[in-house]
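The values are calculated or read from the model by the stated rules, or taken from the named source; none is laboratory data. Source: prediction; values computed, not measured. Heads up, the Cβs are rebuilt from the backbone with ideal geometry, glycines too, and the neighbour counts pull from every protein chain shown.
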Amino acid sequence: MQEPGGIRIVLADDHTVVRSALRLLLESEEGLEVVAEAGDTESTGRYVRAHKPDVLILDLNMPGGSSLATVPDLLETSPETAIVVLTMQPEPSFARQAMQLGVRGYVVKDAVDDQLVTAVRVAAEGGTYLQPELGARLAADQGETPDDLSEREIEILRMIALGHTNSEIAEQLFLSVRTVESHRAHIQQKLRLSKRSELVRYALDRGLIDGTAG
């Protein structure tokens, strides 16, 4: 969560021209401040440790090894830092892997500028942003009924992931609370997941909910 004074950002990209353009874009927005720029994975880690930024904008392809591979260490170093990936890689598999590692946002570089700004703001507030086109492709790649879930179970999973209680789901779907509880138990058994946070991550990774859901 960002500090009251605004959103502090570390910007990591190996191209100086790209960093300069991104800094201009970000700092033209109210409440956004770039506190450091990094050109490789080593300096990225150093600046994250030093500044503990609200948001790290991370390019996937930089000198020093895989940026994705550094995500767990970066989050351990600064748990309050939300990572937003900005990359040339539009493949859903990269987005899925990044989200599974704890990345809060994923935007492709050819996207319009306001998508990056939106991703930064959403991530800083503790939410998750997946570029809409990628979310649609993730859903298409996954198929109709992931992990043998029934259509009703997918519907209930979506509502669980969006934060609805069992009572609210029962009311909206005209079911009994006991029936919803039974469906929820079946979903958790099929997916081998027990926590709501795990169900949210599963639903997001498979494009079952909007990527802006928090």
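Going through region 15-33 one residue at a time, which ones are touching an Asp or Glu at 6+ places or on another chain (Cβ under 9 Å) and in a loop (DSSP other than H, G, I, E, B)? Selection gives His15 alone.
Taking each residue of region 173-193 that is closer than 13 Å to Asp148 by Cα and looking for partners that are of a type in the set (S, T, N, Q) with beta-carbon atoms closer than 7 Å, six or more apart or interchain, yields Gln188/Ser194.
When the helices (runs of 4 or more DSSP H) confined to region 147-214 are screened for residues that are among the hydroxyl-bearing types (Ser, Thr, Tyr) and either more than 22 Å from the chain's Cα centre (by Cα) or under 26 Å from Gly127 (Cβ atoms) (or both), those reaching at least 2 such residues are found at 177-191, 196-205.
Within region 3-23, identify whether any single residue is farther than 18 Å from Arg121 by Cα, buried (at least 21 other Cβ atoms within 10 Å of the Cβ) and of a type in the set (S, T, N, Q), and answer yes or no. Scanning region 3-23, I find no residue that is farther than 18 Å from Arg121 by Cα, buried (at least 21 other Cβ atoms within 10 Å of the Cβ) and of a type in the set (S, T, N, Q), so the answer is no. Pairs meeting the criteria (first residue in region 143-164 and more than 14 Å from Ser182 (Cβ to Cβ), second residue among the β-branched types (Val, Ile, Thr) and modelled with pLDDT of 85 or more, beta carbons under 6 Å, at least 6 apart or on different chains) are Met159/Ile169; Ala161/Val200.
Checked across region 16-32, the condition of being of a type outside the set (A, V, I, L, M, F, W, C) and modelled with pLDDT under 90 holds for no residue.
To keep it simple, each residue is scored yes or no on (1) touching a strand residue (DSSP E or B) at 6+ places or on another chain (Cβ under 9 Å); (2) over 21 Å from Ser20 (Cα atoms).
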residue: Glu33; (1), (2): yes, no
residue: Thr44; (1), (2): yes, no
residue: Val48; (1), (2): yes, no
residue: Pro53; (1), (2): yes, no
residue: Leu60; (1), (2): yes, no
residue: Pro63; (1), (2): no, no
residue: Val71; (1), (2): yes, yes
residue: Pro79; (1), (2): no, yes
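Checked against (1) without any contact (Cβ under 8 Å) to a residue 24 or more places away in the chain; (2) touching a helix residue (DSSP H, G or I) at 6+ places or on another chain (Cβ under 9 Å), Ser197 passes all but condition (2).
Select, from Leu175, Leu162, the only residue that is surrounded by 15 or more Cβ atoms within 10 Å (Cβ to Cβ), under 26 Å from Gly102 (Cβ atoms) and not assigned by TED's automatic domain parsing to the domain that holds Leu101.
Just a single option satisfies the conditions, and that option is Leu162.
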